[in-house]
Amino acid sequence: MIIAIDGPAASGKGTIARYLAQVYGLHHLDTGLLYRAVGKAMLDSGYPLDDTARAIEAAVTLDPKKFDDNALKLQAITEAASVVAAIPQVRQALVDYQREFAGRPPGAVLDGRDIGTVIAPDADVKLFVLASPEVLFARRFMELRARGEPADEREVLADLLRRDERDSHRSAAPLKAAPDAHLLDTTHLGIDAAFRAAVDIIEAVRAGRSRR
Ligand code: CDP
């Protein structure tokens, strides 16, 4: 079984993806980490983010086994991740790894921006997780606080708006729901209710399939 989960920053897609992977005994890949790793490689090496050739090289030589997830999650990397993620050849260089991961038995949950549209268009279930801008902002702010990262309200808001604008309007694999994705609006849902809603959708899809 392959479950594709897409949505904007701070929608809760990562938490839902981890939960579903546990419930269904599947592998989980947070695909944002791949773009974050390319962004971090650029920042570390001091090359400007618009040096497309260097960004592509960083993507091609990426080794996901060596990822330090905590370091990649830092707010300082998010902007760089979204800039390099708009480069079509960077995305292309990361496709094979994601598809190979999705094909690992017994299946996988992948979360990102283009899983249902580009990486796994034949996924068994596709979720598009969203929430109101106010809720997205509040969640990201709390998340940074909980991790002990100094967070300035205006900067957090500006980052979310800028990234979602860039992610939604880029020409390569923009953030959008696949036509056959199930929308999961978590604006009024706490995390447990969001988990239940996600499982309900998956069970409904599976029940529909076994009736056929
Ligand atoms: O956790 P958050 O949603 O803030 O970020 P993320 O999922 O780690 O993604 C960071 C950036 O990577 C996003 O702003 C996107 O530009 C990019 N990304 C992408 O383009 N495609 C994906 N499948 C995953 C992330």
Count - residues of the stretch 82-141 that are within 14 Å of the ligand (Cβ to nearest atom), farther than 28 Å from A41 by Cβ and acidic (D, E): 0
Failed criterion for E203 (all others in (1) in a helix (DSSP H, G or I); (2) surrounded by 19 or more Cβ atoms within 10 Å (Cβ to Cβ); (3) not aliphatic (A, V, I, L, M) hold): (2)
Residue that is farthest from the ligand (Cβ to nearest atom), among those in the stretch 32-41 that are surrounded by fewer than 23 Cβ atoms within 10 Å (Cβ to Cβ) and touching a residue at least 24 places away in the same chain (Cβ under 8 Å): K40
Of all residues making up the stretch 101-117, the number that are part of a helix (DSSP H, G or I) and closer than 18 Å to D63 by Cα: 2
Selection count where residues are within 22 Å of G32 (Cβ to Cβ), at pLDDT 95 or above and outside any loop (DSSP other than H, G, I, E, B), scope the stretch 161-196: 6
For D164: the one exception among (1) acidic (D, E); (2) closer than 22 Å to A80 by Cα; (3) more than 12 Å from the ligand (Cβ to nearest atom); (4) touching a residue at least 24 places away in the same chain (Cβ under 8 Å): (3)
Lone unmet requirement of (1) surrounded by fewer than 19 Cβ atoms within 10 Å (Cβ to Cβ); (2) out of contact with any Asp or Glu (no Cβ under 8 Å at 6 or more places or on another chain); (3) closer than 28 Å to Q89 by Cα for P174: (2)
Boolean, G14 is open to solvent by less than 10 Å² (accessible area, probe 1.4 Å) and near the ligand (Cβ under 8 Å from one of its atoms): no
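The values are calculated or read from the model by the stated rules, or taken from the named source; none is laboratory data. Bear in mind that the values here come from a model prediction, so they are computed numbers and not experimental data. So basically every Cβ, Gly included, is an ideal-geometry build from the backbone, and we count neighbours across all protein chains shown. The protein model used for the area step is the full one, side chains on, heavy atoms only, and it has no ligands, DNA or RNA in it. Shrake-Rupley method; radii C 1.70, N 1.55, O 1.52, S 1.80 Å.
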